[in-house]
Amino acid sequence: MEKIDLKKTLKHLYQPSTREIVSVDVPQMNFLMVDGEGDPNTSKSFSDAIEALYPVSYT
């Protein structure tokens, strides 16, 4: 499987001009996320959710 470097592929999104305000069009992308609340440092549900995301996102 070929590794994709998004900072190179989508350079215009990661390195916009620092001299002027620019508008960028972000293409549609897929993301994994977890909804929740509370302190992520002490929440058991947050820890469980992260453990579930890792095998899905890094396979």
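Each reported figure results from applying straightforward, stated rules to the coordinates on display, with no laboratory input. Note that the structure is a prediction, hence the values are computed from the model and not measured. Note that we place each Cβ from the backbone using ideal geometry, even for glycine, and neighbour counts take in every protein chain shown.
List pairs: first in segment 24-43 and without any contact (Cβ under 8 Å) to a residue 24 or more places away in the chain and of a type in the set (A, V, I, L, M), second surrounded by 10 or more Cβ atoms within 10 Å (Cβ to Cβ) and assigned to a loop (DSSP other than H, G, I, E, B), Cβ under 9 Å, 6+ apart or cross-chain? As it stands, the answer is Val24/Pro16; Val26/Leu10, since those pairs meet every condition given.
Within segment 9-33, the residues that satisfy the criterion of being of a type in the set (A, V, I, L, M, F, W, C) and out of contact with any Ser or Thr (no Cβ under 9 Å at 6 or more places or on another chain) are Leu10, Leu13, Ile21, Val22, Val24, Val26, Met29, Phe31, Met33.
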